[in-house]
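Just below is one structure, and these are the notes that go with it.
Just so it is clear, none of the values below were taken in a lab; they were calculated from the coordinates. Model, not experiment: these values are computed from the prediction.
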Amino acid sequence: MHKTLKKLRAAVISSIVAAVSVVPAAIPSAVNVSAAPDSDNYAKLLQYSLYMYDANMCGTDVESSSGFSWRGNCHTGDAVTGGYHDCGDHVKFGITAGYSAATLGWSYYEYKDVFDELGQTGHLKLITDRFAQYFKDSTTLSGGTVTNLVYQIGNGDADHNSYWGPPEEQDQSSRTKYETSSGASDVAAEYAAALAQNYINFGNEEDLTYAKALFEFSTKYNKCATDGVTPFYTSESYEDDQSWAAGWLYLATNDPTYNTFLKNHQHDGNWVFCWNNVWMGASILNGEINGDWSIATKYLNSNTSSPNTYWVADGWGAARYNTALQLMGLVASKNGKGSYASWAKSQMGMILGENPKNVCLVVGFSDISAKYPHHEAASGLRGWGEYNAAGTTFGGKGYTLTGALEGGFSNSAFNYTDALNDITSSEVGIDYNASLVGAAAGLYAVYKTGSIDSTVNGVSRSIAYDNNTEPKVTTTADPLIPTTTTTTTTVVTTTTTTVPTEKRVEEVSIAKGQTEVAIKLNGAAEIEAVIEYTSGGNGNGAIDYTDSSGNYQQFGNYTFSGNSAGTYTVTESVKDISAQNDTVTFHIWWSDNNSTISSIKLIYNDPVTATSTTVTTKAPETTTEAETSTTTSTTTTTVKNPTGIYLGDANCDGKVNMADAVAVLQNLANSTKYPLSDRGEINADCDGDTGITGSDAIVILRVEAGEIEQSELPRK
């Protein structure tokens with residue numbers, strides 16, 4: 001966190017502590033005051049934008065996976081359970097699911113550091129893993145070949161016309177299964193793209209197996225899905241989806257066959273990246289892999305010339321296309337192929353409230369956010385009678401659909417109505433938010449503005465995400481039950497031997513295109529690449545590597561331009577490669593205009609494998625240090641389970657922060673309306689005195705401010 005933000009946070013906490021000391025019961029209402037518009041708070045935007053997927057979860061585990069307490073398990077009798085509903089309806093359309101998952105995966109691939117820095121990797125991974133599992137469950141493999149693909153669950157006509165209400169209460173009558181053994185090439189290719197990305201991003205080998213099989217299935221039959229899809233998501237082409245998937249499969253496997261397919265299937269689609277047309281996504285991949293940015297930059301340059309005019313490709317769901325163009329521009333800028341960040345910043349500012357309507361199109365994001373998205377579950381309404389009676393609003397019912405992007409302004413004059421029954425403006429969907437996630441990450445990567453919320457507006461259920469940047473709630477034991485804990489450790493003697501490293505140089509002569517070189521490493525090597533080239537011109541390239549287990553890592557990109565003839569050197573940053581007696585294959589490619597690279601030298605300090613005898617013979621260069629640690633077995637009897645108590649954590653989310661102080665104060669003001677769980681009551685009593693009082697809230701805020709550590713509790 002920046003120093004300025006730390007000071008501001010400390011000042012806010014200090015003022016709240018002072019207020020609590022005087023009027024404890026008044027704090028809950030003060031804390032709940034709506035936030036400012038935050039039109040450049042890209043950190044918060046990324047955080048909030050992921051929650052649309054929590055709202056649209058489907059299956060037997062929604063209650064343990066969604067942050068929304070108003071969502072529960074649903075459609076447990078589906079032929080393929082899991083996955084995500086499409087928009088405000090409850091159909092699981094394959095083409096939008098595949099596109100959404102692939103766009104989310106693309107966003108993480110481009111901006112992994114942003115997700116990691118802001119602690120959003122775990123949430124993103126939960127979503128993409130869930131998509132991936134649904135795609136695999138929808139696919140029947142036999143001997144590595146796809147024999148059947150379920151590409152849709154739910155009948156659109158029956159779902160849209162016969163039922164309005166929460167998915168938890170919808171019967172199975174409309175849950176038609178649509179499948180094929182020789183078609184749906186568009187859906188199969190999108191599934192392949194998403195699965196290949198998930199393998200690249202998170203390393204699940206099974207994802208790659210299915211991705212390759214689905215791509216083969218797609219290119220074997222070359223037919224778009226029609227039955228059940230028409231008239232909702234009729235795809236115009238399967239070749240764009242296949243080209244897009246081929247690019248990701250090449251990045252996942254380094255198999256040149258996929259790259260050849262990508263290069264041979266380039267097309268100026270003249271339409272922004274979207275569920276029905278991913279040609280522009282494929283063209284950007286072609287730029288990143290093969291250096292040909294001509295199609296992508298042509299489209300970007302012709303559509304981003306007026307940053308102060310709201311860009312609209314189509315009046316229905318316009319914001320999804322706008323954010324998709326932002327994502328395209330930001331990725332191109334990241335690769336040095338134009339300067340589109342300021343255009344994207346201006347467009348996002350309009351989406352987040354800098355517009356004549358004074359409205360933010362992201363629900364729950366600020367105090368001027370849209371409130372009535374066209375979404376059955378969030379509306380709280382049951383039946384078309386309640387829907388018609390409610391009209392433009394939720395009729396006094398409903399929930400905050402946090403993070404959902406409404407379609408918004410239907411033209412550049414900001415024509416818009418925040419109304420449940422105005423679908424053109426208020427519709428939301430998983431494909432809408434997919435590009436919003438990417439644009440938010442890209443804008444944060446450029447501008448580094450904003451911060452995430454410790455408590456997300458409208459999200460009340462705590463989910464343990466699978467990464468190290470999010471706290472995990474692992475406590476399930478009842479803290480009231482006495483337990484006996486036995487801890488046993490053994491005597492450990494550790495000998496650390498430091499041996500000299502050996503500088504090794506591998507010189508690779510390359511031609512324009514791609515070259516591979518396999519190097520046997522003794523241990524974890526520090527690698528740098530020195531690129532020597534002669535003559536002038538412009539060029540670019542990259543180096544990546546895979547180990548024998550197939551683990552992939554981007555190593556570095558290099559670009560040169562305007563150089564005169566001669567010999568000169570470009571040195572990449574030092575990278576750490578973890579390999580023990582493993583062969584690492586480096587993949588080197590470059591493209592240029594009128595310049596020549598004579599060779600690339602891979603220079604690395606590789607630890608020498610040495611026995612103890614070898615070590616002693618190199619005394620001047622070798623240090624040998626023995627460290628011995630000894631502990632004894634202990635048996636501890638406790639009256640309360642220590643793994644069940646986390647003092648200060650009143651809301652039991654695994655953290656101690658301002659939200660816990662608010663929970664305590666709300667409980668003191670109205671325990672019936674704001675109850676604490678049994679564990680929450682135990683955790684809340686953290687000041688050393690029996691009973692929950694305003695003093696406990698002050699102690700929690702002191703932990704939040706960093707004045708005391710949670711481990712010091714109980715403490716006054």
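Summary of computed values
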quantity	calculated
Long-range amide H partners of Glu179 with built H, under 5 Å	Tyr151
Whole-Hz couplings from phi, Karplus 6.51/-1.76/1.60, listed for the range 81-93; x for Gly and Pro	7, x, x, 9, 5, 6, 10, x, 8, 10, 7, 9, 7
Shape call, the range 65-121: gyration tensor on alpha carbons, a/c limit 1.5	oblate
Which listed pairs, of Lys673/Lys716; Lys125/Lys357; Lys136/Lys655; Lys220/Lys345; Lys397/Lys448, have C-alpha distances above 32 Å, in listed order	Lys125/Lys357; Lys136/Lys655; Lys220/Lys345; Lys397/Lys448
Rounded if a/c under 1.5, otherwise prolate or oblate - the range 654-716, Cα gyration tensor axes	prolate
Global form of the range 275-357, assessed from the alpha-carbon gyration tensor, a/c cut-off 1.5	prolate
Along each principal axis, Cα extent of the range 175-329, largest first, Å	47, 39, 28
Amide H contacts under 5 Å for Asn148, placed H, 5+ residues apart	Thr140
